[in-house]
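Have a look at the structure below, then the notes.
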Amino acid sequence: MIPTDHPRARSLMTRERLVDGFRRNLVVAEGLIAHGRGEAFDYLLGERTPEPAIKAVRAAAALLLLSKNAVLSVNGNAAALCPKEVVELAGVTGAKIEVNLFYRTDERELAIKAELERHGARQVLGVGERASARIPELSSERRRVDPDGIFAADMVFVPLEDGDRAEALARMGKGVITVDLNPLSRTAKAARITIVDNLVRSMPALVQEARALKGKDATTLQQLVDNFDNDENLAESLAIIRGGAK
């Protein structure tokens, strides 16, 4: 039992959700290690959402609303941490949901699909034979995508992504939005918009922002996107992390 007055109670609860996801076959052991790496960056952020991330969330929400064929890519960690918010974001923006895994097994795909459906998803792409298309120049299992999902998308939201696929998606001409606590990662640099924040904080904020912007005219949304500079935002995020490391 985690005491609610523990100074890092939320972080410890997040770990528990991932461990529970591991036991339910959503998360692999390697995903636990990846979370620990991200948690170190979050510690330097002060385990709070910094101003650059708030700006990135707003631009990301606008870009998702502008996109004609957006897809939310879900891996095991994302399914364990924020399945409800993934489904809500898809509902607000009209985006599709697709399972995409580095450590892919039929059992994991079905477990993640069931978890998303349990939180209200009506259609989950990329499972089983649906993942019949291939991302060029990518050899990992993440190359397998749904021809009606990521392969055809104009914008792909890839939280907790590996750099290989983020770069490959960018080479295909697709816009990439990501959540990555490491502003120096290849994913962060390849993306059109990078939210340097913890997923458990940024996803609820992204849903809230998308709801606030829903119904705004395309010109207003486009201005929010055009005024966002990812390189500048990453530099600001890195400065905050370096400050926390002192």
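The values are calculated or read from the model by the stated rules, or taken from the named source; none is laboratory data. Predicted model only: the values in this text are computed from it and were never measured. Cβ sites come from the backbone with ideal geometry, for glycine too, and all protein chains shown count toward neighbours. Areas reflect the complete protein model, heavy atoms only, side chains present, ligands, DNA and RNA absent. Shrake-Rupley method; radii C 1.70, N 1.55, O 1.52, S 1.80 Å.
Observations on the structure shown:
- Tail beyond 14 Å, pair distance distribution of the range 91-142 (Cα, percent): 55
- Kirkwood-type radius of the range 79-166, with distances r between different C-alpha atoms, in Å: 13.2
- Once the 1.4 Å probe is applied to the protein heavy atoms, the range 102-183 comes out at 44 Å² accessible per residue.
- The chain: most fluctuating residue of Asp42, Asp148, Asp217 per GNM, C-alpha cutoff 10 Å: Asp217
- Proximal charge balance of Glu129 [Cβ under 15 Å; K/R count +1, D/E count -1]: -1
- For the range 174-246: span of alpha carbons on each principal axis (Å, largest first): 43, 23, 21
- Surface composition of the chain: carbon and sulfur atoms hold 51% of the protein heavy-atom accessible area at a 1.4 Å probe.
- Accessible area of Leu66 in the full protein assembly, 1.4 Å probe (Å², nearest 10): 40
- Structural descriptor for the chain: relative contact order 25 percent, calculated from alpha carbon pairs under 8 angstrom and at least 6 residues apart.
- Measuring between alpha carbons in the structure, the pairs from Lys68/Lys113; Lys55/Lys84; Lys174/Lys214; Lys55/Lys214; Lys189/Lys214 lying more than 19 angstrom apart are Lys68/Lys113; Lys55/Lys84; Lys174/Lys214; Lys189/Lys214.
- For the range 104-232, the ratio of Cα radius of gyration to the globular rule of thumb 2.2 N^0.38 Å stands at 1.12.
- For Val176, the residues 5 or more places off, or on other chains, whose built amide H falls under 5 Å of its own are Val156, Arg192, Ile193.
- Rg to Rh quotient for the range 116-170, alpha carbon positions, Kirkwood Rh: 0.97
- Computed log₁₀ I(q)/I(0) - Debye formula, equal Cα scatterers, no solvent, the range 1-141, q 0.10 Å⁻¹: -0.40
- Summary of the geometry: the range 170-246 and the range 58-114, compared by the centres of their Cα atoms, lie 16 Å apart.
- Within a Gaussian network of the chain (alpha carbon springs, distance under 10 Å), most fluctuating of Arg23, Arg142, Arg134: Arg23
- Where Rh is the Kirkwood radius over Cα pairs, Rg/Rh for the chain: 0.94
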